[in-house]
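What follows is a single structure, written as structure tokens, with notes after it.
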Amino acid sequence: MDHHSGLVEHEQLFIGGELTDPAGTDTIEVVSPHTEQVIGRVPHASRADVDRAVAAARTSFDSGVWARTPPAERIAVVTRIKDAFAARSEEIARLISAQNGTPYTAGVMVQSLAAMMVWDAAITVARDFAYEERRAGVLGPLLVRREPAGVVAAVVPWNVPQFTAAAKLAPALLAGCSVVLKVSPETPLDAYVLAEIAAGAGLPPGVLSILPADREVSEYLVGHPGVDKVSFTGSVAAGKRVMEVAARHLGRVTLELGGKSAAVILPDADLDAAVAGIAPYAWMINGQACVAQTRILAPRDRYQEIAERFTAVAAALKVGDPLDPATEVGPLVAHRQQRRSLDYIALGREEGAEVLAGGGTPPEQKTGWYVEPTLFGDVENSMRIAREEIFGPVVCLLPYEDEEEAVRIADDSEYGLSGSVWTADVERGIEVARRVRTGTYSVNTFGIDMLGPFGGYKNSGIGREFGPEGFGEYLEHKMIHLPAGA
């Protein structure tokens, strides 16, 4: 899809595995963050639609039509989803870029292929997963079972809509759960491709519904008594609200929330490698990534050199139309997000930080919610720009005296999602990694591996996604006592 292909319109909702007319007449207009023109229109799901979707999920789950299907058969269905997704990855990437401004070149990888890899890794985990084990108990033999958690409400954001959807759907479906996926009003169009793929894969009726809706309907879904488990990705404020609402019926929750991750450059680091390794993840998805390395910690005696290099990188990033293959930084998803970044840039100046690169809107962009890739120098960790998640292309450079102080600054945050350390000595890097209280960490690289547990300490969340740990979030444990000698 390009900017000239006209409007993408859908008039129905995907409920219980099929497209059906919505209960209400409200619609969502999807606006291009580049042209500011309407590029899509879909129904806005209402509470009545949520009731229908939860009822379909509840019925399918309680009947056992999917939950009691042999795991190998569930794997076969989910593998068809993964293969169909892979076949349409270019189309999906273009659709997401058009909606949220992710540069298409990076988008094929980060929006599409990474999502396909999530499906693939979940299948790998499911293949080896032991749902039952025998254990010697104190009083006699035990059979410990893991059974599907039930009806799952999966709520995903607009920044990586298919990646976050896959992180929830793949393990939930493989575990035997029925799912209601609530997608963001900013990015509902790619969800219809996913619905089409799911419909063709052979999921039983009722097992999957996909609803685009705003916060209010989302809250209704999360608090629905027919939901057993909520998996949410989004902001800390919204995550706290999800937990509060789900608590009314003791819904289980997994929360993947924000970050303010620190990349620590140790004095012995190879600067060419460190700068090349950090920069793409400092400004990734135009800064709209929870794991973005938004605080760069530099040793004071190499600070000037490091500042010059990152300033040059920021200034050279190509800003423009997200669907232009040369673009490295696109527009932010919405006008409110552009405003937010610009407000933080003004705040950083007031707090006394120095703008080393960017600091405004790119003059050559006549339309669109653009913010220049911005780098602040001489940032102190007490400044709000160093403490609060901006969710835009604004990166802070902080000097430190010694390794002790670097670890202390990295940890001095209400978040604990990600981080990295750059050093000539990998063992020393691992020592730093062990000390920083964060859920994922990288030494001389950056990544989120889909076969390991991903999630946060502190305000960055509760629970884990990916790997056997993430798979386990969609299962309940059952202990069965057996008679002696069984």
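Since every read-out is calculated from the coordinates, none of them should be taken as a lab result. Keep in mind that what you see is a predicted model, and the values were worked out from it rather than measured. Note that we place each Cβ from the backbone using ideal geometry, even for glycine, and neighbour counts take in every protein chain shown.
Given H placed on each backbone N at 1.01 Å, which residues far from T254 in sequence or on other chains put an amide H within less than 5 Å of it?
It is V230, S231, F232, by chain and number.
Using the beta-carbon distance between E404 and T445 and R0 = 30 Å, what value does 1/(1 + (r/R0)^6) give for FRET efficiency, to the nearest 0.05?
For R0 = 30 Å, the calculated efficiency reads 0.80.
What is the calculated FRET efficiency for E354 to E216, with r their C-beta to C-beta distance and R₀ = 45 Å, to the nearest 0.05?
Computed FRET efficiency for E354 and E216 comes out at 0.60.
Peptides 249-255, 100-106, 270-276: what's the order by average Cβ count within 10 Å, highest mean first?
Descending packing order for the listed peptides: 100-106, 249-255, 270-276.
Hey, if you put +1 on the Cβ of every Lys and Arg and -1 on every Asp and Glu Cβ in region 262-450, which of G352, V319, A282 ends up farthest toward the positive end of that dipole?
V319
Using a 10 Å cut-off on Cβ atoms, rank the peptides 349-355, 88-94, 108-114 from the highest mean neighbour count down.
So the peptides 349-355, 88-94, 108-114, ranked by packing, come out 108-114, 88-94, 349-355.
Give me the distance between the Cα centres of region 272-335 and region 31-59, rounded to whole Å.
Distance between centres, Cα-based: 33 Å.
May I ask for the angle, rounded to the nearest 10°, between helix 426-435 and the longest principal axis of the chain, with both axes built from Cα atoms and the value confined to 0 to 90°?
70
What distance in nm separates the simple spin-label points at E196 and L347, each placed 7 Å from Cα in the Cβ direction?
4.1
Enumerate the calculated ³J(HN,Hα) couplings along region 233-246 in order (Karplus 6.51 cos²θ - 1.76 cosθ + 1.60, θ = phi - 60°), each rounded to whole Hz, writing x wherever the residue is Gly or Pro.
So the J values, rounded to whole Hz, are 10, x, 7, 4, 4, 5, x, 5, 5, 4, 5, 4, 6, 5.
Roughly how many debye, to the nearest 20, is the charge dipole of region 262-450 about its Cα centre, given +1 on each Lys and Arg Cβ, -1 on each Asp and Glu Cβ, and no other charges?
Dipole of region 262-450, to the nearest 20 debye: 720 debye.
Mean residue ellipticity at 222 nm from the helices of the chain, using -39,500 (n - 2.57) per DSSP H segment of n ≥ 4 over the full residue count, to the nearest 500 deg cm²/dmol?
Helix-only estimate at 222 nm: -11500 deg cm²/dmol.
Just the number: Rg to Rh for region 212-323, Cα atoms, Kirkwood Rh, two decimals.
1.17
Between the helical axis of 303-316 and the dominant principal axis of the chain, each derived from Cα atoms, what acute angle in degrees is found, rounded to the nearest 10?
Between the helix axis and the principal axis of the chain, the angle is about 70 degrees.
Towards the positive end of the charge dipole of the chain, with charges on Cβ (+1 Lys, Arg; -1 Asp, Glu), say which of I39, S184, T25 has the farthest Cα.
T25
Hey, what angle do you get for helix 161-175 against the long axis of the chain, alpha-carbon based, 0 to 90 degrees rounded to 10?
That works out to roughly 30 degrees.
Stretch K366-R145 to full length: gain in nm at 0.36 nm per residue minus the Cα-Cα span?
Here the answer is 73.6 nm.
Using the basic label-point model (7 angstrom from Cα toward the beta carbon), what is the V38 to R387 distance in nanometres?
The answer from the label model is 4.3 nm.
First obtain the Kirkwood hydrodynamic radius of region 211-261 from its Cα pairs, then insert it into the Stokes-Einstein equation at 10 °C and 1.306 mPa s, and state the resulting D in µm² per second as a whole number.
It diffuses with D of about 143 µm²/s by this estimate.
Round to the nearest 0.05 the FRET efficiency obtained for D268 and A312 when R0 = 22 Å and r is the Cβ-Cβ distance.
Efficiency for this residue pair is about 0.50.
Measure up K240/K318; K168/K260; K168/K478; K168/K318; K229/K260; K182/K366 against 30 Å on the Cα-Cα distance and list the ones that go over.
Beyond 30 Å between Cα atoms: K240/K318; K168/K318; K182/K366.
Is the shape of region 262-450 rounded, prolate or oblate, going by the alpha carbon gyration tensor and its root eigenvalues a ≥ b ≥ c, with a/c under 1.5 for rounded and a/b larger than b/c for prolate?
Prolate, since a/c reaches 1.5 and a/b exceeds b/c.
Say the dipole of the chain comes from +1 at the beta carbon of Lys and Arg and -1 at that of Asp and Glu; which of I15, S218, Q337 then lies farthest toward its positive end?
About the Cα centre, the residue reaching furthest to the positive side is I15.
Whose amide H sits under 5 Å from the amide H of A357, counting only residues 5 or more places off or on another chain, with H placed in the peptide plane?
Result for A357 returns L375.
Could you please tell me the mean projected area of the C-alpha convex hull for the chain, averaged over all directions and given in square nanometres to one decimal?
With every direction weighted equally, the projected area is 23.7 nm².
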